[in-house]
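**Student:** Handing you this structure, nothing more for now.
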Amino acid sequence: MQTKDKKIIKKSALILADQIALNIPALNIAWGLTKALLGIGMELRQERVLEFVEMIQKNPSIFIKEILNDENFQDGFVFSLEKYIRERNEEKRRVLYNIFLGFTKSENKDSCPLEKMIHATTQLSELDIEVLKDVDVTRTDYKNYQVYGNSNTNLESIFNLINLGILLSNTVSRLGPVNAPFVYISEFGKKYINYLKN
């Protein structure tokens with residue numbers, strides 16, 4: 001594809017996103033708020049805006065009129081789209097997409113930790129994400145354990161995940177030298193890892 005063609009496609013992405021948004025009943029309020037607040041940013045990241053709007057178009061059973069008219073949804077839409085277009089990492093954008101879908105499906109949007117989940121996503125490094133994939137979410141006993149045994153493997157990432165509240169550290173004294181913390185997954189962490197792995 002030639003450079004001229006790419007420029008035309010890039011410039012038309014926001015126009016296409018605008019048309020899609022206007023053709024989805026009741027999305028106009030959230031879309032109007034977003035355009036008013038993010039205007040030039042939307043123009044600079046048109047392809048990402050189009051990806052986000054197409055998500056809504058592809059899921060009409062989730063994005064029903066009642067939800068689209070909800071003020072909490074509209075605020076969440078603006079917040080989520082802003083973070084989505086700012087995110088450089090493609091895998092993190094996928095996670096943000098899943099988080100927004102989860103927020104939309106939630107029965108009580110007031111208690112849904114949308115902002116916390118998005119903040120956690122923006123703070124994770126690629127290595128942190130890989131470490132999260134190694135966390136044993138199948139544990140049903142909820143006892144603490146060491147992600148990589150008693151080694152210093154990815155220790156900085158484990159502490160970052162503890163600081164974000166995804167993992168919790170067990171501070172009970174242990175006998176003998178302990179190189180890595182004993183951790184368990186927080187309730188927030190269980191939800192977050194679910195969005196990460198979908």
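The values are calculated or read from the model by the stated rules, or taken from the named source; none is laboratory data. Worth saying up front: this structure is predicted, and the values here are computed from it rather than measured. Reconstructed Cβ throughout: ideal geometry from the backbone, glycine too, with neighbour counts over all protein chains shown.
**Student:** With ILE56, ILE85 as the choices, which residue is more than 18 Å from PRO113 (Cβ to Cβ), within 15 Å of the chain's Cα centre (by Cα) and at pLDDT below 90?
**Tutor:** ILE85
**Student:** Counting residues that are more than 21 Å from ILE29 (Cβ to Cβ) and touching a helix residue (DSSP H, G or I) at 6+ places or on another chain (Cβ under 6 Å), which helices (runs of 4 or more DSSP H) fully inside the stretch 44-112 reach at least 1?
**Tutor:** Details: elements: 46-58, 65-68, 71-86, 90-105.
Helices (runs of 4 or more DSSP H) meeting the threshold: 46-58, 90-105.
**Student:** Another one. Mind checking which pairs have a first residue in the stretch 138-160 that is modelled with pLDDT under 85 and a second that is among the basic types (Lys, Arg) and surrounded by 10 or more Cβ atoms within 10 Å (Cβ to Cβ), Cβ under 8 Å, 6 or more apart or different chains?
**Tutor:** TYR145/ARG139
**Student:** Which residue, of GLN46, GLN19, is among the polar types (S, T, N, Q), at pLDDT 70 or above and surrounded by fewer than 15 Cβ atoms within 10 Å (Cβ to Cβ)?
**Tutor:** Values: GLN46 fails: surrounded by fewer than 15 Cβ atoms within 10 Å (Cβ to Cβ).
Result of the check over GLN46, GLN19: GLN19.
**Student:** Scan the stretch 72-81 for residues that are among the acidic types (Asp, Glu) and at pLDDT below 90 and jot them down.
**Tutor:** none
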